[in-house]
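One structure below.
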Amino acid sequence: MSFLPVEWAAEHSPVSDPYERLILIALARRANSDGTDAYPSRNTLARSGLCDKSTVTRRLNAMEARGLIREGDQRAAFRIAEDFRPKVYDLMIPFSFYSPDQMEKVNQERIDRGLAPLRAKDRPDLGPAPAKKTRADKGTKRPKRAARNPPLSIASEEGGASSTPLLERPCLTEFALGASSTQVLKAPTPGASSTPTLSFNSVPSTSPDALADETAPEASAETEKKKIHDRNSTNDQAAPRDESASAAPADELSQEVRQIMAAWSEARMAAGVGPHRRSGALGEFQASAAALVRAGKSVEWLIAVARWMAAEKPAWVGLGEASKAQYAGAPAEPMVRSVPRQPVDPCPSHPSLEANGCRHCAADEIVDRQRRELDAQRGIDDESARQALAALIQRGKKPRTVADRSRDAALHQAEEARRQSARRAEFLAS
């Protein structure tokens, strides 16, 4: 690592936004002094740039298109496994950025690494940073928002407006959608008391459009639709859905899947989170549990994962997510150790293998056959070799006395004297 690329990336690089600045600094921190061989992963760049991986990809492509970086020598990251190997980039630091002394050191480092020195034409000056795009609505004032849930009044039977407020907008939305048991406050008639009367009668001739035109003429149709959608979503969250209809019938499920689903539901109730609010959650959980059971996973382990998921990760739906998240504390899958099969008829020489088809015995037979063929080519008889071996063994078993050692020493001396006499006579003759 050298500080020169970091200084160029932080102070002199023509970037267009803060994300490019942070990503370029993260590349420079891991580059050589000439800006080459920077290969941090996308996750590392995302953490340094305070963004996600898709933003990192877009910014890298944009900087590569403008010439700030380029694809480097991919052999620099050969030590990393191929499945996890990131892309190698070179920072195109201009030649004019370096001082003469700095360029001399940079070129010396490149020569030590077996590369050619940098020249001015190799690193030309970069263009200016692209201009920042202006907003399309710059200079225009924002429209005023309509008042949320304004109090409404209902006309009396004589045609005048009563000062008694009616229900607020969300309740009127339910009333307009045709709920037969909606409570409605009637305005007092002339001569009656000022206390409104409570009626539970339905009003079938009321529509949302007419109600919006009558009560809030200043609100647009889009505002009314948004309020209706917000009210409906609030009602959906308040009352949990019954997802049993989306799931498969109970008779089509296996006993194991029913046990896993029951454990998940009981654990959610015990944790106080209740049924899942996501639409189709029960069907998705059932499908994932059935798939894992068909794959041969342990039912006890799946029940433990379902209980852990309900207590620790109530937002999760499928068991496939929890089974892969053991780093978050999910129960680990039990290891099944295979029991070695015992041979039915063990080999006398090799008891761990069967006698029929013992590979060690077959290899020994091949070696013996090759040895016999080689002895036959050399003219060695098995019987004579056996006798010679027996003689050697017998000679080694016979104890040697002091007289035998003295005789062997005298024979050795006589043999040595005979050799010296022969060498002397040969020398004199020559």
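The values are calculated or read from the model by the stated rules, or taken from the named source; none is laboratory data. Quick caveat, the model's predicted, so the values are computed rather than measured. Counting neighbours? That spans all protein chains shown, and the Cβs are built from the backbone with ideal geometry, glycine included. SASA here: full protein model, heavy atoms, side chains in, ligands and nucleic acids out. Shrake-Rupley method; radii C 1.70, N 1.55, O 1.52, S 1.80 Å.
Overview of values
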| read-out | value |
| --- | --- |
| Residue-span extension gain [Lys121 to Ser279] - 0.36 nm each, minus C-alpha spacing | 50.7 nm |
| Additional length obtainable on full extension of the chain from Ala409 to Glu266, 0.36 nm per residue less Cα span | 41.7 nm |
| Cβ crowding within 10 Å averaged over residues, with 98-107, 417-426, 59-68 ranked highest first | 59-68, 98-107, 417-426 |
| Dipole of segment 352-413, positive end: most advanced residue of Ala409, Ala376, Ala362 [Cβ charges, Cα centre] | Ala409 |
| FRET efficiency for Cys361 and Ser96, using Cβ-Cβ distance with R0 set to 56 Å, rounded to 0.05 | 0.10 |
| Sum of side-chain charges, Glu415 neighbourhood, beta-carbon under 14 Å (Lys, Arg +1; Asp, Glu -1) | +2 |
| Cα-Cα over 26 Å, subset of Lys53/Lys313; Lys53/Lys144; Lys53/Lys141 | Lys53/Lys144; Lys53/Lys141 |
| Selection from Leu50, Ala77, Tyr89, by position along the positive dipole direction of segment 18-116 (Cβ) | Leu50 |
| C-alpha center-to-center spacing [segment 345-384, segment 44-61] in angstrom | 67 |
| Ile80-Leu50 FRET efficiency (beta carbon distance; Förster radius 41 Å; 0.05 resolution) | 0.95 |
| Label-point separation in nm, Lys87 to Leu389, each point 7 Å along Cα→Cβ | 7.0 |
| Taking segment 1-80 and dividing mean pair separation by its residue count, relative contact order in percent (alpha carbons under 8 Å, at least six apart) | 27 |
| Portion, in percent, of the accessible area of segment 1-149 that falls on carbon or sulfur, probe 1.4 Å | 51 |
| Highest average packing first - 385-395, 278-288, Cβ atoms within 10 Å | 278-288, 385-395 |
| Computed magnitude of the charge dipole of segment 348-430 (debye, nearest 20; Cβ of K, R +1, Cβ of D, E -1) | 620 |
